[in-house]
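One structure is given below, encoded as structure tokens.
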2 protein chains.
Amino acid sequence: MKYHNAEKTCWNCPCIDFKGSVDFRACGQSMKQFLSISGEEEDMQAMVECKRRPEIGTFDPASITFEDCPEWEERDFGYALKNMKVMILGIDGYLGWTLGLWLGSLGFNVSGVDNYYRRDWVMEKGSHTVVPISKMTERLHAVKEILDININFRKMDILDRPRLREFIDEVKPEAIVHYAECPSAPYSMVDVEHATFVQHNNVIGTLGLLFTMRDLVPEASLIKLGSLGEYGSPLTGRPLFEGMFPADAALQWDNREWSLGGELPPRDPPSFYHCSKVQDTFNVYEACKYWWLRSYDIMQGVIYGVHTNQTAANPRLRTRFDVDEWFGTVINRFVAQAVAGIPLTIYGSGGQTRGFIALRDAMQCMTRLIVSPPEPGQYDVVNQISGVYRIEYLAYRAAYSSA
Amino acid sequence: MKYHNAEKTCWNCPCIDFKGSVDFRACGQSMKQFLSISGEEEDMQAMVECKRRPEIGTFDPASITFEDCPEWEERDFGYALKNMKVMILGIDGYLGWTLGLWLGSLGFNVSGVDNYYRRDWVMEKGSHTVVPISKMTERLHAVKEILDININFRKMDILDRPRLREFIDEVKPEAIVHYAECPSAPYSMVDVEHATFVQHNNVIGTLGLLFTMRDLVPEASLIKLGSLGEYGSPLTGRPLFEGMFPADAALQWDNREWSLGGELPPRDPPSFYHCSKVQDTFNVYEACKYWWLRSYDIMQGVIYGVHTNQTAANPRLRTRFDVDEWFGTVINRFVAQAVAGIPLTIYGSGGQTRGFIALRDAMQCMTRLIVSPPEPGQYDVVNQISGVYRIEYLAYRAAYSSA
């Protein structure tokens, strides 16, 4: 039986260690470009060693597939690196906590950091998570007690670069899931303090992380949330091409034609929060190019729901559920408003369509991405939605279901 | 005789004050879009008052041209608003100081701020301006004494938002020239501290400025330096379209075609400094859209030279001349190296071509832009180069001329 990642090779694996006198990561070129420039395309190949299996010595990374490697085990979600070390930045949040439990129960080695800002932001709005959640210390005890999972947690702000560096150096994560950005467009538009806070927190935090990864774990993949909102809504109705322009997209002008394949499509972010995501995109994209880092930028639809097998296992394991106007995403807010019998707040006409995905499905997607790393230097964009709906339809459904 | 800005109207002038119940700046749409949505395109028009000529009451801003208005005088560089208030952020720098003297001698009302960072950065590199310059206090005395110009200067970091706000509120500038960003790609690539400093200084500084302009001087134009480097060098050799895609540029894909006109072309910045310029572009572009601010983004070629009539008038009025590897631009550095008889440092093969412009010409361009403001909501891009040369050719010329 073949899995989605069966044919990936050591070239994608975080366990490789590049050998030889050339530091590929410094050259700002893909291996193919590098080999063609060096004029040794035919003879030369990248040579690596495996950090987990030093006994096999130096080898060609394309010669061993995940399917062949004993360190990659067959699981129902594909081949998985045994005891793979995943660090979650923002592990106290709605998605971070859920993913920590999800991965832990699958046997991943989970670590994480958080500074509890999400709790503060929601309090600042005068709101609170409508599903009560435990404090982190209690969460960590509960997860050990109930699910027998150890989460290596450290409280910190990722903008505290020396501390982040120390923790990453200690853990040496094989994948880093970055949920530590402020995720609210309305929050970023409150005033200048909020706008500058969001961009500083998101953009400078991520830029510091990129340097730390370059120095300590260049083979780890960075899995980071972008936003579908980066693209805006072009008035022409042209396709958005979430990710790069496809190879067969072309620019026509002045009776000539050029391929646009592989370039980043135009962006038009509708808030300073969305600007921060665009600003991140350029930093991450360029870091992959300059240093051969590898990253998935997740263009995630709006997530709804609150249950996974783990978060539902015990009240102490619940994840948060925000319904306020800053941090409550639309379905969650509609459901809460409908249940409470108060009018549903629809921004704009309600005619806008958005992509959605259930929490459980989002966790499955993340797992599959974590075990299917990009190759060195690759900045890849992944759309994560399972359905597209009009807002007014969702409002109708929420109101109707609760009636 | 007609000038380049003769047909601009009060619609472009910083002296207008929007009247009526609609706050155009809050609607995130151009006037045309707004009027067509409101369904009153035929009947409705924007009504304004003039801050300088309150006696004319409420009028249609398109009804008076610069040529007709007595507040706009005929000068050899076009129509100029009498005693126009221009604030220069970064007035202690190479361009800022030169422009301050230039505008002052033309009769503009010049104010400016600086925190002297450029002096610090060059010292950090162990270098110094090879043309000796005075301290700001002495500069201000000299400019008064020798040229009879008053420059309203205040020392501050534009990231100190309350102080910047206070000064802008006091001066109420009619145009703001923003030279207060860190302009060095190599500086931004030194390490994580330098990279995060540059992005924080540039992006957060400019974002704060945008909010301040929205609140206090939404009719003033922002004239800001971008970089030709934002665009990268597309491998296809397609045109860069500095600015927006032209109206007749089209996207072809899947046997269909869409106009790209007016969208921001793809970017691919080659350093974290250049990333900061891209990040700025999105913030400024969106602020113009959200709030009807107006901005020129100057995609400036590499500037060379050190003389204008004012800077050459007295040694105390000189502007700086940096030749180090962080802040010395290429021609200035080549000339200094050639004169000193040391080898010219050429980055890369020398085969790359870049756009150049002489200091004096750059000042002329800036003056023409200042008196020709964009319209409300307009984000416009201006290319400012006068010649394109190969780096190796310049090295040859510098070496040859000094031999």
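The values are calculated or read from the model by the stated rules, or taken from the named source; none is laboratory data. The model shown is predicted, which means the values in this text are computed figures rather than measured ones. Here the Cβ positions follow ideal geometry from the backbone for every residue, glycine too, while neighbour counts run over all protein chains shown.
For the residues A:G229, A:G262, A:G237, the requirement of being surrounded by fewer than 17 Cβ atoms within 10 Å (Cβ to Cβ) and under 26 Å from A:L293 (Cβ atoms) singles out A:G262.
In the set (1) assigned to a strand (DSSP E or B); (2) without any contact (Cβ under 8 Å) to a residue 40 or more places away in the chain, the condition left unmet by B:R154 is number (2). Residues in the stretch A:189-217 that are more than 9 Å from chain B (Cβ to nearest Cβ), hydrophobic (A, V, I, L, M, F, W, C) and either in contact (Cβ under 8 Å) with a residue 24 or more places away in the chain or assigned to a loop (DSSP other than H, G, I, E, B) (or both): 6 in all.
If the condition is being at pLDDT 90 or above and facing chain A (nearest Cβ under 8 Å), then the stretch B:218-244 contributes B:T236, B:G237, B:R238, B:P239. Residue under question is A:E55, and the condition is that it be part of a helix (DSSP H, G or I) and farther than 21 Å from A:H307 by Cα; does it hold? It is true that A:E55 is part of a helix (DSSP H, G or I) and farther than 21 Å from A:H307 by Cα.
Would you say A:S134 is at pLDDT 95 or above, surrounded by fewer than 21 Cβ atoms within 10 Å (Cβ to Cβ), of a type in the set (S, T, Y) and assigned to a loop (DSSP other than H, G, I, E, B)?
Criteria met by A:S134.
Contact list please: Cβ distance under 7 Å, first residue in the stretch A:52-72 and under 19 Å from A:K2 (Cβ atoms), second residue of a type in the set (K, R), pairs at least six apart or on different chains. From the stretch A:52-72, the pairs are A:T65/A:K8; A:F66/A:K8; A:E71/A:R52; A:E71/A:R53; A:E71/A:K82. Every listed requirement among (1) in a loop (DSSP other than H, G, I, E, B); (2) surrounded by fewer than 23 Cβ atoms within 10 Å (Cβ to Cβ); (3) touching a helix residue (DSSP H, G or I) at 6+ places or on another chain (Cβ under 8 Å); (4) touching a residue at least 12 places away in the same chain (Cβ under 8 Å) is met by B:W121 save one, (1).
For the stretch A:136-154, which residues satisfy the criterion of being basic (K, R) and touching a strand residue (DSSP E or B) at 6+ places or on another chain (Cβ under 8 Å)? Hit for the stretch A:136-154 is A:R154, nothing else.
Yes/no matrix, rows are residues, columns are (1) within 30 Å of A:V371 (Cα to Cα); (2) buried (at least 22 other Cβ atoms within 10 Å of the Cβ); (3) of a type in the set (D, E, K, R):
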{"site": "A:E174", "(1), (2), (3)": "yes, yes, yes"}
{"site": "A:A180", "(1), (2), (3)": "yes, yes, no"}
{"site": "A:L207", "(1), (2), (3)": "yes, yes, no"}
{"site": "A:F245", "(1), (2), (3)": "yes, no, no"}
{"site": "A:W258", "(1), (2), (3)": "no, no, no"}
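Of everything listed in (1) within 10 Å of chain B (Cβ to nearest Cβ); (2) buried (at least 18 other Cβ atoms within 10 Å of the Cβ), the single unmet condition for A:V143 is (1). Kindly indicate whether any position in the stretch A:251-258 is over 30 Å from A:G351 (Cβ atoms), more than 9 Å from chain B (Cβ to nearest Cβ), assigned to a loop (DSSP other than H, G, I, E, B) and not hydrophobic (A, V, I, L, M, F, W, C). Yes, because at least one residue in the stretch A:251-258 is over 30 Å from A:G351 (Cβ atoms), more than 9 Å from chain B (Cβ to nearest Cβ), assigned to a loop (DSSP other than H, G, I, E, B) and not hydrophobic (A, V, I, L, M, F, W, C). Against the definition (facing another protein chain (nearest Cβ under 9 Å) and out of contact with any helix residue (DSSP H, G or I) (no Cβ under 6 Å at 6 or more places or on another chain)), how does A:P265 come out, yes or no? Yes, satisfied. Considering the stretch B:78-109, and only residues there that are part of a loop (DSSP other than H, G, I, E, B) and within 18 Å of the chain's Cα centre (by Cα), the residue that is surrounded by the fewest Cβ atoms within 10 Å (Cβ to Cβ) turns out to be B:M84. Of the helices (runs of 4 or more DSSP H) lying entirely inside the stretch B:293-403, those carrying at least 3 residues that are within 21 Å of B:G78 (Cα to Cα) are B:359-370.
Here's the yes/no breakdown for (1) touching a strand residue (DSSP E or B) at 6+ places or on another chain (Cβ under 8 Å); (2) more than 8 Å from chain A (Cβ to nearest Cβ):
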{"site": "B:L260", "(1), (2)": "yes, no"}
{"site": "B:H274", "(1), (2)": "no, yes"}
{"site": "B:D280", "(1), (2)": "yes, yes"}
{"site": "B:Y290", "(1), (2)": "no, yes"}
{"site": "B:L293", "(1), (2)": "yes, yes"}
{"site": "B:G301", "(1), (2)": "yes, yes"}
{"site": "B:V306", "(1), (2)": "no, yes"}
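With the structure loaded, tell me whether A:E181 is in contact with a Leu (Cβ under 8 Å, 6 or more places away or on another chain), more than 14 Å from chain B (Cβ to nearest Cβ) and within 25 Å of B:G205 (Cβ to Cβ) or whether it fails that test.
Details: in contact with a Leu (Cβ under 8 Å, 6 or more places away or on another chain): yes; more than 14 Å from chain B (Cβ to nearest Cβ): yes; within 25 Å of B:G205 (Cβ to Cβ): yes.
When the stated conditions are applied, A:E181 passes them.
Quick check, is A:T345 more than 29 Å from A:F108 (Cα to Cα) and in contact with a helix residue (DSSP H, G or I) (Cβ under 8 Å, 6 or more places away or on another chain)? Answer is yes for this residue.
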